[in-house]
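The values are calculated or read from the model by the stated rules, or taken from the named source; none is laboratory data. In this text, all values refer to a predicted model and were calculated from it rather than measured experimentally. Note that we place each Cβ from the backbone using ideal geometry, even for glycine, and neighbour counts take in every protein chain shown.
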Amino acid sequence: MSAAPVNLLEFDLDGLAAFCERLGEKRFRATQLFRWIHQRGASDFSQMSDLAKSLRGKLEGAAQVTALPVITQNISQDGTVKWLFDVGAGDAVEAVFIPEDDRGTLCISSQAGCAVGCRFCSTGHQGFSRNLTTGEILAQLWFAEHFLRKHLGVSERVISNVVMMGMGEPLQNYSALVPALRVMLDDHGYGMSRRRVTVSTSGVVPMMDRLGQDCPVALAVSLHAPNDALRDKLVPLNRKYPLAELMEACQRYLAHAPRDFITFEYCMLDGVNDQPEHARELIALIERYRTDGVWCKLNLIPFNPFPASGLKRSPAPQVSAFAKLLLDAGLVTTVRKTRGDDIDAACGQLAGDVKDRTRVTQRIALQRQVPLQVIAAPPGGD
């Protein structure tokens, strides 16, 4: 029985070169093939006119370019597009394209579900099924880029930025993530700047260090609380990698980062982490680890409520007051504009359809029995 065809979206350029070498082909043939797949969006080998006929013959039956089936596509009034992709066995993941005047950003999923279980995240409440493969991560970009070119009637690149902020914790799927990042950065692939590819993490400290060595891109850290007592409840991973360890890892990452700052994401939760006391603690936390100049940017995110969370969005005046305290302390601070809210595509709302293999919903139900009104750390605490 012949082996199943290999999905060429699974390979970065080195991986594709090794595959072509097994077929008896030289590396430049892999580069040509790589360009056809990623730059031109081709999946039919017969269309790849500058490939040798002999190579096209070898590829037929041995390889394929396999897209993810699209279950649904929704377009927001503001132009945001959300896709639900079928990744098999009852699992589905979401990706979102966010158009802006100066960029086009694609938010990509790295896992079917998420095992971290953050209190304010719809995906986290859904549970975890499995890691996506490199090909499944890249298939979201491959489909979105070439769909949008046809939809908009343009030949130039539409997606200028990629953020690994969709479903899942990217650094818990490290072996599949890094080859996907390399394809995004490769000049023969999508040719993106390291500054325009962002990995978001809830704080997997050892993998942050590895990413800095292996494939440094822009880094966003889901902070969401200024002290360990509160962050333990909002981001359970904090119990394993508390704030002191996380902040030190951020400092180490800066030595390799393409930007001279780390982005700290902070979801604004009414009465939970949005009080002046929290702002002052946050300022103290950041100042404790700042050496010279600006080393971080704070991105305040209006919470997007969903029934299972039991949480509410901070009122706009409260968000503004919180931001002013940070700005007055000299911290670079922005408030994220909510996009795609009408199609549930905003931050924290992505939830495809996954088979929960981790019973995370039961754990979150137990967490909800613990009050979240932790206003500030005890004296002497972080």
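Only one of the numbered conditions (1) outside any loop (DSSP other than H, G, I, E, B); (2) over 18 Å from Q73 (Cα atoms); (3) not β-branched (V, I, T) is not met by L148, and that is (2). Of all the residues in region 1-60, those that are at pLDDT below 95, closer than 22 Å to V158 by Cβ and not in a helix (DSSP H, G or I) number 0.
Here S46 fulfils each of the conditions (1) farther than 27 Å from A218 by Cα; (2) surrounded by fewer than 22 Cβ atoms within 10 Å (Cβ to Cβ); (3) touching a Ser or Thr at 6+ places or on another chain (Cβ under 8 Å) apart from (3). Listed by position, the helices (runs of 4 or more DSSP H) enclosed by region 205-273 that each have at least 1 residues that are among the aromatic types (F, W, Y) and over 14 Å from C118 (Cα atoms) are 243-254. Check L298, L269, L230, L285 and return the single one that is in contact with a strand residue (DSSP E or B) (Cβ under 7 Å, 6 or more places away or on another chain) and either surrounded by 22 or more Cβ atoms within 10 Å (Cβ to Cβ) or of a type in the set (A, V, I, L, M, F, W, C) (or both). So the residue among L298, L269, L230, L285 that is in contact with a strand residue (DSSP E or B) (Cβ under 7 Å, 6 or more places away or on another chain) and either surrounded by 22 or more Cβ atoms within 10 Å (Cβ to Cβ) or of a type in the set (A, V, I, L, M, F, W, C) (or both) is L298.
Within region 283-324, the residues that satisfy the criterion of being of a type in the set (F, W, Y) and either assigned to a loop (DSSP other than H, G, I, E, B) or at pLDDT 95 or above (or both) are W295, F303, F306, F322. Does T123 fit the bill of being in a strand (DSSP E or B) and touching a Ser or Thr at 6+ places or on another chain (Cβ under 9 Å)? No; evaluated as a whole, the condition is false for this residue.
Among the residues making up region 44-82, those that are in contact (Cβ under 8 Å) with a residue 60 or more places away in the chain and touching an Asp or Glu at 6+ places or on another chain (Cβ under 7 Å) are L68, S76, Q77, K82.
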